[in-house]
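Down below is the structure, laid out as structure tokens.
Here, each number is a calculation from the coordinates, and none is a lab measurement. Keep in mind the model is a prediction, meaning the values are calculated, not measured. Don't worry about glycine lacking a Cβ; one is built from the backbone with ideal geometry, like all the others, and counts go over all protein chains shown.
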Amino acid sequence: MPFESETSSWPRHTLAFWFDSLQGRFTLAMLAGLLIVQLLVNLLWYHQAELRTRRQAETAAHHVATGVLGTLRALRELPPTNQHFVIELLRNMGGTRFLVFINKAPVEIQPLPEQPLARVVEAIVQKELAAQLPPGAETRVVLASPVGLHTSPEGALLADLPESWVDPSLLASERPAPFLVVQVQTEPGQWHYMTGSMPDPYFLEQLDFITWQRLTPQLLTLCLVLVLTVAAARALTAPLRGLSRAAALVGHRTTPQPLRVTGTSEVRSAIKAFNEMQERIRRYLSDRERLFASISHDLRTPITRLRLRSELLDEEAVQDEFHEDLDELDMMVKTALQIVKDTDIHENRVPVRIDLVLQKMVRDARMAGQQIELEDLPLTVFGKPLALKRALGNLLDNAIFYGAGSGQHKAELRMSEGAAGSAEAGQVLLTVRDHGPGVPESELARLGQPYTRLDHGSKLRQDGLGLGLSIVRDIVADHGGQLRLRNHPQGGFEVRLALPAHRPGESQAAPIAAANLAAASTTEQGKPA
């Protein structure tokens, strides 16, 4: 479905933009650089914040330890009967640093998990108490959450105490501050339980690396840089996009227009060089077109003279052969200029008797002393006569010249018709085989490329331009046919050509084009060649 294809292609287009285009790579480079800078800045900030917070926490721990020792000293100076009275009085007054309880056993407290700085504070307070208290006095120091904090072995909770005893803000459910719990055994069966917040209750939050307060401005900065980078990259690459579009139009027979010189100095230099190259190409094509037009015009005069002189020949058969060659030469001259302009010979498609074309080519080759075997059938295709003769002549010339085997230049031409029910049904099959050394298997794939020459042909002829199989392949493809190249099992090289056969009534009646190329070919005795 179209929607599915568009959906599946969207990730590919997105990846191509970010990783394959200059604009996407420039944007990614800027974003990567900004992210690395932000990460380094945040790491540096975190390191400094950690050192500062650690120093402040250590100082606060010393003050808390001093306060705990002072509270214990004051309570020890009171008679046991008055300790509970003084503690109750301090609770009702409120505003005290510590909540003090006297228990018969220590209370199990759950410390804050995964907080290294909390462990540092606990260790400092523990060390201070151990240094000031009598030897053997057992102490327990824990920094814990006030939520669910027990204040007695019986299970009393800190949250159940009256609000006047403790600041309610320290017990707020949305942001509870940690409490430091200190338990000291003053005598057997008596534990002083003291709890309170640190001087800076939220000192642990200063080490939170990821917070919205810190990430929001950085994300806004990143988005702003992304927008500005995309806009800048688009502006920088706009001249390159124009240069790419202009380069793609070169050779499409459009009137080249000079590009506007904009952009950076490097881009301006590239655009200037492209404009100069485009002007040189335009002048070259114009000069070549005028040259071929002049050649085409000049060749018509001797062709006309030869045609007039051929009328003086006595033998009608020889006169007809001259007329055929002159008609073909005249057709080639007329299309020479068109070839230069469009690299294609514009011909009308007509029924072509391939067997008559081959008979004419084989007869001319035999007159030149070549050895050719022909097995033909009266088969017709619908196509361009001159183009087909060009393709067939190219195959025959290659077979004769390059297919040298046992000191002979011998070629075999065989025509057949595709068998009914097979994949080749309704096709005219032509096989051209030589008896040469063949082609290395590794070279078969590149035979259809322009200007391809093999070592064998280069040794025979130094001044060649290639086998011309790319031209043959293009002509065959234009006629809806197929071309197959292979080494023959019994030696030599074989080219198999398949063209759609023409049946009477498939198109409007037209004179068979073989009359233009190879009118009924017979020998001087009137027998088939």
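As an exercise, use a Förster radius of 45 Å and the Cβ-Cβ distance of residue 244 and residue 424 to find the FRET efficiency, rounded to the nearest 0.05.
Result of the calculation: an efficiency of 0.55.
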ask   = Summing Lys, Arg as +1 and Asp, Glu as -1, what charge do residues with Cβ under 13 Å from the Cβ of residue 257 carry, residue 257 excluded?
value = +2
query = At what distance in nm do the modelled label points of residue 471 and residue 40 sit from each other, each positioned 7 Å from its Cα along Cα→Cβ?
reply = 6.4
task = For each of 202, 284, count neighbouring Cβ atoms within 10 Å of the residue's Cβ, then give the residues from fewest to most.
result = 284, 202
Potential lengthening between residue 292 and residue 265 on full extension [0.36 nm per residue; Cα-Cα distance subtracted] = 5.7 nm
request  = Select from 176, 86, 65 the residue farthest towards the positive end of the dipole of segment 45-207; place +1 on Cβ of Lys and Arg, -1 on Cβ of Asp and Glu, and compute about the Cα centre.
outcome  = 65
query = Which FRET efficiency value, to the nearest 0.05, is calculated for residue 152 and residue 59 with the Förster distance at 22 angstrom and r the Cβ-Cβ distance?
reply = 0.10
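Local charge sum around residue 280 (other residues, Cβ-Cβ under 14 Å, Lys/Arg +1, Asp/Glu -1)?
On the way: positive: 272, 282, 283, 288; negative: 276, 279, 287.
After counting each charged neighbour, the total is +1.
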Distance between segment 121-140 and segment 209-240 - C-alpha centres, whole angstrom = 54
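Return the FRET efficiency for the residue pair residue 48, residue 227: r is the Cβ-Cβ distance, R0 is 25 Å, and the value is rounded to the nearest 0.05.
Rounded to the nearest 0.05, the efficiency is 0.20.
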key: Projected label distance in nm at residue 314 and residue 25, using a 7 Å step from Cα toward the beta-carbon   = 8.0
key: Dipole magnitude (debye, nearest 20) for segment 45-207, charges at Cβ of Lys, Arg, Asp, Glu   = 400
Rough spin-label spacing in nm, given labels placed 7 Å along Cα→Cβ, for residue 323 and residue 32 = 7.7
